[in-house]
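Asks: Got a structure for you, questions after.
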Amino acid sequence: MQVSPDIDKHRSIHHLRSRDKLKMLSIRYISRTSPRVTGALQPTLRLRRTYAIESARMATITEAITKDHGELKHYYNEVIQNPGRHDHQQRFGNQFTWELARHSIGEELVVYPAFERYLGDKGKKMAEDDRKEHHQVKERLKIFQGMKSTDPEYTTKLKEIWDLLSEHIEEEEKRDLVSLESALMNKGEESHELATSFGRTKAFVPTRSHPSAGEHPPFETVMGLLMAPFDRVADVFRKFPK
């Protein structure tokens, strides 16, 4: 029996909202059970409030993704273009790691499943190719995030990440997201719903690279819930841009 487009749209939106509720309940549970983690989660809760405002202005998932891409490029340039300013480089290197880790997992939990859901076999191949590229980036980010800006290889390792990442970003913006938006044209507010879910997801995931967690839900979701509190506690002691 063929399901009407309205019912299919309703189910997709309900799926996204149910998943978001589960994520928020998980955060509340962690907050109640660990006083130390509660303090570390405060930036996360502020981020949720900030994104609630931003997502109202963000019409599509493409805008949400490309906004992150622009920020990553800015953080990268702040490190590369300021040789010898080690404190400045460390702060923006940490910011780059923080944003890239959250962005990557957000895509893997929200955007790539949307590729598979709306683009059929083509979308499944796109998602798998993108996950493989993410894993390569995560492995390099794992090395970079443990380095100090005074390390002679600091900018070299960052450039290695950006070489892979910039190619991935170009393919994603010019091919993958274009195909997704085309498929969502007759799905009402689905693109906006994806953008909102993407922002909320970034508010609870790890802020450091953990390649061993993989790139597929639900295992990645579970591992994220386990590791995110520890990352956020450690973030309290890291330097970030003022």
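Just so it is clear, none of the values below were taken in a lab; they were calculated from the coordinates. For clarity, every value in this text was computed on a predicted model and none was experimentally measured. Don't worry about glycine lacking a Cβ; one is built from the backbone with ideal geometry, like all the others, and counts go over all protein chains shown.
Asks: What list do you get for Lys159, Lys174 if you sort them by fewest beta carbons within 10 Å? Don't jump to the answer; show the numbers that get you there.
Replies: Working: Lys159 12, Lys174 9.
With the fewest neighbours first, Lys159, Lys174 line up as Lys174, Lys159.
Asks: Calculate log10 I(q)/I(0) of region 124-164 for q = 0.20, 0.22, 0.33 Å⁻¹, where I(q) comes from the Debye formula with a single equal point scatterer on each Cα and nothing for solvent.
Replies: -0.60, -0.67, -1.07
Asks: Most exposed first by the Cβ proxy, i.e. fewest other Cβ within 10 Å, how do Met126, Met185, Met223 rank?
Replies: The fewest-first ordering by Cβ neighbours comes to Met185, Met223, Met126.
Asks: Averaged across orientations, what area in nm² does the convex hull of the alpha carbons in region 77-221 project?
Replies: Its Cα hull, projected and averaged over all orientations, spans 8.7 nm².
Asks: Next question, about the same structure. Modelled label-to-label distance, Glu139 and Glu116, 7 Å Cα→beta-carbon offset: nm?
Replies: 2.2
Asks: Enter the Cα centre distance for the pair region 146-178 and region 68-107, rounded to the nearest angstrom.
Replies: 10
Asks: With 10 angstrom as the radius, rank Val79, Val178 by how many other C-beta atoms surround their C-beta, starting from the fewest.
Replies: Going from sparsest to densest Cβ surroundings: Val178, Val79.
Asks: With a cut-off of 8 Å between alpha carbons and a minimum separation of six or more residues, what is the relative contact order of region 197-242 in percent?
Replies: Result for region 197-242 is 41 percent.
Asks: Let me ask something additional. Is region 144-210 rounded, prolate or oblate when judged by the Cα gyration tensor, a ≥ b ≥ c being the square roots of its eigenvalues, rounded requiring a/c under 1.5 and prolate requiring a/b larger than b/c?
Replies: Judged from the Cα gyration tensor, region 144-210 comes out oblate (a/c at least 1.5, b/c at or above a/b).
Asks: May I ask you to derive the relative contact order of region 65-188, considering only C-alpha pairs under 8 Å and at least 6 residues apart, and to give it as an integer percent?
Replies: 26
Asks: Still on this structure, please answer the following. Quick one: which of Lys67/Lys148; Lys132/Lys202; Lys67/Lys174; Lys157/Lys239 span more than 23 angstrom between C-alpha atoms?
Replies: Lys67/Lys148
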